[in-house]
Amino acid sequence: MQIARSTSIGPVDTADGHVHRTMVEWYYVVSGRATFRVGGWSMNAGPDDFIAVPPNTTHSYVVAEGDVLELFYGGIATKEEA
């Protein structure tokens, strides 16, 4: 299990699409805005929004132009990686 708080993430920073085969991951937006993509859906998220990512699901985010994003995020492995 991991839990962390991000440093300030600027508008040029993104989390490119990636997958965690065996981990549930989540994001809680503390401040700022970003577009999160999880599987086949997209969400414009801001303060107090919560985004959950199931295992084996492609996900990414892009910080809104001119904004700074701060997150709490974490993950729980559902089983060991092979």
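Since every read-out is calculated from the coordinates, none of them should be taken as a lab result. All values reported here derive from a predicted model rather than from experimental measurement. Here Cβ is always computed from backbone atoms with ideal geometry, including for glycine, and neighbour counts include all displayed protein chains.
Net length available on complete extension from S60 to V30 is 9.1 nm, with 0.36 nm assigned per residue and the Cα-Cα distance removed.
Applying the criteria of a DSSP loop state and at most 13 other Cβ atoms within 10 Å to the GluC sites (Glu not before Pro) of segment 39-82 yields E65, E80, E81.
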